[in-house]
Amino acid sequence: MQLNPIGLAVPVFFGLMAIELWCARRAKRSVYRLNDTMSDLTCGMGDQLINLVVGGLTLALYAAIEISLGWVNWTVTDPWAWVTGIVLVDLMYYAYHRFAHRVNFGWATHMVHHQSEEYNLAVALRQPWFAQFYAWLFYVPLAILGVPAEVYAGSYAANLLYQYWIHTKLIGKLGPIEWVMNTPSHHRVHHGTNPAYIDKNYAGMFIVWDRLFGTFQEEQEEVVYGIMKPLRSWNPVWANVGPFVGLARASMEQERFVDKLRMWVAEPGWTPEGVVHPPFPAPGRGYDVNGVPGLRGYVVAHLIPVIVATSLVITFSAVWPAAWLALGAGYIMWTGFGWAWMIESKPGSMRLERARLVVVAIGSVWVASSLGGMLVWSAAIAMVMVSAVSWPWLSRGVVASAA
């Protein structure tokens, strides 16, 4: 059975987030906001659900290139194939990451990961939806070299998993390790909008690339996180689509056709008159809207089945039929979108959430009746009970928020 390691890691991700939150509270430090964290998670869940389709296609394209053009006939069991894969995947990630920051089109896809003004393990999960459509092209040289598709996929997953733990404020500098490996200190710099920190430390695993190519910056002054044009929204769709809308508008505003085209490939901040650097700190920072503070416990309670669903859908993406994957994806994304709307007090958000509770209850029974089994029926009954209890809980939370 082929299981997706990212799905298996999902419960670990959330467990480590809980530990980080506990440690921060013991240290009397604030590192999480519910509204910001929900936005991070919905962006991340959307990325993984899109990857269920795009990831399989791009991996198949990689394998086709490797089989037809690969120079070296490595096997999956060859340790040198894995050493080469891990090192070169990280080098190609550096190349992609630098492109994503220095070219407007790439920045429009990648800035989603930088929009949060917090810095915690949830930010690691805040991944863009559209970068995966082209980022795989940066790894084609590995296919031409002959790195097997399985080695590439495993090395890429290891690279992605490694980067999770470096998204935290709670770990300081790590001594000699800092010379070779990417660390929380190095990556905090990368997420900074401080003038000295912008476009630095692109590495995934090995900071040596930044040292070699002149993009390294040591953490010195306190980091100011976010982007220079703050998003001011918790909506995951707008987080991913908004940058393209802004870039398209900037392109259309140019008088010359050549400048309209150049806007897409120029560096961020470019104009025909030169590069414009926004003031620091960026105006518009500090967005903290939460229209339902009384529903904090409600959201956290409903996050548990969403975590389970996300883990199952990603883990069994290569095994489950498309209908089951679509059902799970629909439940996950409806929940995420609904929470974003509630937090921003959008009209109709409470009706949408009540409708979700009804659909979840009915859908759980339908799944149990289709699959059968004690475990499935137990889970279905639990979901029905949670939905039933949540109806008055939702109403009380709205009243508490209004008060």
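Would you list 98, 262 from fewest to most Cβ contacts within 10 Å?
So the residues, fewest neighbours to most, are 262, 98.
Where the centroid of each part is defined by its Cα atoms, how far is segment 150-229 from segment 36-106 in Å?
For segment 150-229 versus segment 36-106, the Cα centre distance is 18 Å.
One-quarter of the Cα convex hull surface for segment 293-402, in nm²?
6.8
Subtract the Cα-Cα distance of residue 134 and residue 262 from 0.36 nm times their separation in residues, and report this length gain in nm to one decimal.
44.2 nm
How charged is the neighbourhood of residue 168? Take every other residue with its Cβ under 10 Å from the Cβ of residue 168, and add Lys/Arg as +1 and Asp/Glu as -1.
Charge balance near residue 168 sits at +1.
Would you mind computing, in nm to one decimal, how far apart the modelled labels at residue 354 and residue 28 are, each placed 7 Å from Cα along Cα→Cβ?
Taking the simple label geometry, residue 354 and residue 28 are separated by 4.4 nm.
Using a cut-off of 15 Å between beta-carbons, work out the net charge of the residues near residue 21 (Lys and Arg +1, Asp and Glu -1, residue 21 not included).
Local net charge: +3.
Where does the charge balance sit around residue 267 when Lys and Arg score +1, Asp and Glu -1, over other residues with C-beta under 11 Å from its C-beta? Walk me through the numbers before you get to the answer.
On the way: positive: 102, 262; negative: 199.
Residues near residue 267 contribute +1 overall.
So what is log10(I(q)/I(0)) for segment 5-213 at q = 0.10, 0.11, 0.14 1/Å, when the Debye sum runs over its Cα atoms only?
-0.45, -0.54, -0.88
Towards the positive end of the charge dipole of the chain, with charges on Cβ (+1 Lys, Arg; -1 Asp, Glu), say which of 375, 5, 67 has the farthest Cα.
375
Mean shadow of the chain, computed from the convex hull of its alpha carbons, in nm²? Intermediate results must be reported in sequence, preceding the final value.
Working: hull surface 91.8 nm².
Seen from a random direction, the Cα hull of the chain projects 22.9 nm² on average.
Only Lys, Arg, Asp and Glu count, each charged at its Cβ (+1, +1, -1, -1), so figure out the dipole size of segment 45-147 about its Cα centre, rounded to 20 debye.
Roughly 200 debye for segment 45-147.
For the chain, modelled as a Gaussian network with Cα springs under 10 Å, which listed residue fluctuates most, 29, 102, 232?
Of 29, 102, 232, the Gaussian network model singles out 29 as fluctuating most.
When a footprinting reagent is the concern and you count Cβ atoms within 10 Å, what order do 362, 65 take, fewest first?
Lowest to highest Cβ neighbour count: 362, 65.
For the chain: lysine pairs with Cα atoms under 19 Å, gap of 8 or more or different chains, count?
Counting lysine pairs in the chain gives 4.
What spacing in nm lies between the two simple spin-label points modelled at residue 375 and residue 179, each 7 Å away from Cα in the Cβ direction?
If labels sit at residue 375 and residue 179, their model points lie 4.9 nm apart.
What is the extension gain from residue 60 to residue 254, computed as 0.36 nm multiplied by their sequence separation minus the C-alpha to C-alpha distance, in nm to one decimal?
65.9 nm
Along the positive direction of the dipole of the chain (beta-carbon charges: Lys, Arg +1; Asp, Glu -1; about the Cα centre), which of 304, 99, 266 reaches farthest?
304
Tell me, what HN-Hα J-couplings in whole Hz come from the Karplus equation 6.51 cos²θ - 1.76 cosθ + 1.60 at θ = phi - 60° for each residue of segment 69-80, using x for Gly and Pro?
Result, rounded to whole Hz: 10, x, 6, 9, 8, 6, 10, 5, 8, 6, x, 5.
Where a number appears in this text, it was derived from the coordinates with a stated rule and is not lab data. Model, not experiment: these values are computed from the prediction. Note that we place each Cβ from the backbone using ideal geometry, even for glycine, and neighbour counts take in every protein chain shown.
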